[in-house]
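S.K.: This is the structure, below, for whatever I ask next.
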Amino acid sequence: MKVNRNISAVISNSQLHRTEDNLSASIQRLSSGYKINQAKDNPSGTAISNKMRAQINALSQAERNAGDGTSVLQTADGALNESMAILQRMRELSVQAATDSMTPSDKKACQDELIQLQDELNRISKDTEFNSKTLLDGSLERRVFSDQKVSNFRTSEYVDSKLYEFTAIPARHARGAADFGASGYNLADGNAHEVTLNGYTFLVPATTSENDVLEAIREGAETAGLSVDNTFSGASGILDLQLTTDAFGEADPIEIQIDGNVVSNPNNTNFRGTDAKVSLTDPSGACVGFTETATWKSNGNRVITTDQNGFELSFTIDEEDYPVTGIYKDYKLDATSIGAMKVQIGAHEAQEIEMSIPAVDTISLMIDDLNLVVNNGADRAIAALDDAIAEVSSVRSRIGAYENRIDFAVKSLEATNENMESAISRILDTDMAEEMSNYANQQVLDQAAISVLSQANDMPQQVLQLLS
C-alpha cells in the first residue's frame, strides 16, 4: 500500500474522463440528430457528406429552374394560342374577300380589319415576356450569321452548329416596259379601251389626256397586284410605262391585253416571270455542310432546305441582295447555338436543356404584305395564311415537346434527390434507438466510474489503520 501515488485513483479518474467524453458525444448526437457534428467524428464521412450536400442543394435548385422553364413555355404557348386565333380570323377574312359577291369597298373593309390583326400579331410577338425576357420576337432563336443579305432564319433542333455554303441564282421580279403611246397602242386617242392586266379587266376612259390614261392604268394595275413606273418623252409625247409585279414566286409572266388583243412584246421588251426568286444549284456539287440527301425548295424569296433526321433550315434572301438574273452568287450561313434559351436542370455544368423559340410575327410568317383588295390577293392570302398556321402549329408543337421533356426531367430530379437524401442520411443522421442504448450504457459506466474513484480515494486512509 502506497501513499504518495494512488494508482487506483489515477486509473479510475482516467477511465471516468473517457466515459464522460463518450457520454458528452452521445448527448451531442442525440440533441443534434447528427452522427457527425465535428470533422473529427468521421473525417471521410465529412468529406463525402459535404459533396453530397452540395449536389442535393443543386438538385433542389435545378427543380426550381425547371419550374421556371415550364412557366416560360406556358407563357409562350398562351400567347401563341391567341396568335393562332388571329391567324384563323385573318384566313376567314381572306375567304370572305375571295368571293366575287364582295364589292371593292367590302374588300377594303376586310383589308382594314386584317391590317389591325397584323398589328396585334406583331404586338404579341414583341410584348410577350417572362421576367423581362421577350419570348416570341426571335431573341430565343438560335443565331445564324451570313456574309450576305440573308435574314429571317429558322432552324430545327437537328441543325448542327457549323458553316453551310451554297450557290444560288436569285431572280428579280417579273417586269417589263410597255409603250402604250405608240406601236398601235395609243390609249389617249379619245376612245375608251378595255385593258386586262393579269386577269383583271378595267376601262381606260375616252380621253386625250395622258394623265387620265396614266391614272386609269395605275388604279387598274394596283388592283391587279402590279405597280407602275412612268416617264414622258418630251419629243413625241409617248407615255412609257413599266409594270412590276410584287407577287413573289408567281409562275406566270405579266399578261396584258388591250381591247382583247394580247400584248406579248410591247416596245420590243419581253414581259417575263419566274417560278421562284431563288433557284439553287445541285447540292451535291455546290454545297458545303449539307448532305447529298438534302432537298431544296423555294417560295418566293424564302428558301427551305430539309434533310433526314429532322434537319430543316430556312431563310429569306433580302430583295436588295438580288444580282442580275442568271448570275450565280455564293452564300455562307454560320449556324451557332447562340441565342437559344438554356435551362439548367442538373447539379453540374452543361446539364441543361436548350430551348429554341422562333419569332412569330407577320414578317417571319411571311404574311406582312397580304392585300385582299387586289386581284387574286385573297387567294394568295389564303395560301400564305395556311402556311402561317402550319408554322405556328409547328412552334406550339415544339413548345409542347419541351414542356413534356421538362416534366420528365423534374420527375428524374425528384427521384435522384430522394435517393441522395437517403444516402446522406445514412452517413449523417443519428440512429436514435441505437444512440439511446449507447447513452444509457455510458451513463451507467459514468456512475460506476464515479463510485470506483470514490473508493480509490479512500484507500490511502486505510494506511492509518496500519500506523495506529
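The values are calculated or read from the model by the stated rules, or taken from the named source; none is laboratory data. From a predicted model like this one, the values you see are computed outputs, not experimental measurements. Cβ atoms come from the backbone with ideal geometry, glycine included; neighbour counts cover every protein chain shown. Just the protein is used for accessible areas: all its heavy atoms, side chains included, with ligands, DNA and RNA removed. Shrake-Rupley method; radii C 1.70, N 1.55, O 1.52, S 1.80 Å.
S.K.: Among the lysines, which fall within straight-line cross-link reach of Lys126, defined as a Cα-Cα distance under 28 Å, with same-chain neighbours fewer than 8 residues apart omitted?
M.R.: Straight-distance partners of Lys126: Lys108, Lys149, Lys342.
S.K.: Quick one: Karplus J couplings for region 24-36, per residue in order, coefficients 6.51, -1.76, 1.60, θ = phi - 60°, nearest Hz, x for Gly and Pro?
M.R.: Values, residue by residue: 5, 5, 5, 4, 4, 5, 5, 6, 8, x, 10, 6, 10 Hz.
S.K.: For Ile338, Ile345, Ile256, what's the largest-to-smallest order of accessible area, 1.4 Å probe?
M.R.: Ile338, Ile345, Ile256
S.K.: Using a 1.4 Å probe over the heavy atoms of the protein chains, calculate the carbon and sulfur portion of the accessible area of region 343-468 as a whole percent.
M.R.: 52 percent
S.K.: Which residues' amide hydrogens lie under 5 Å from the amide hydrogen of Val288, considering only partners 5 or more residues apart or on another chain, with H built in the peptide plane?
M.R.: Glu165, Phe166
S.K.: Let me ask something additional. Around Ala192, which amide H atoms from residues at least 5 apart in sequence, or from another chain, sit under 5 Å from its own amide H, with H modelled in the peptide plane?
M.R.: Those qualifying (amide H under 5 Å, at least 5 residues apart or on another chain) are Ala206.
S.K.: Based on the mean of other beta carbon atoms within 10 Å per residue, what is the order of 308-317, 359-368, 443-452, most packed first?
M.R.: Highest to lowest by the protection proxy: 359-368, 308-317, 443-452.
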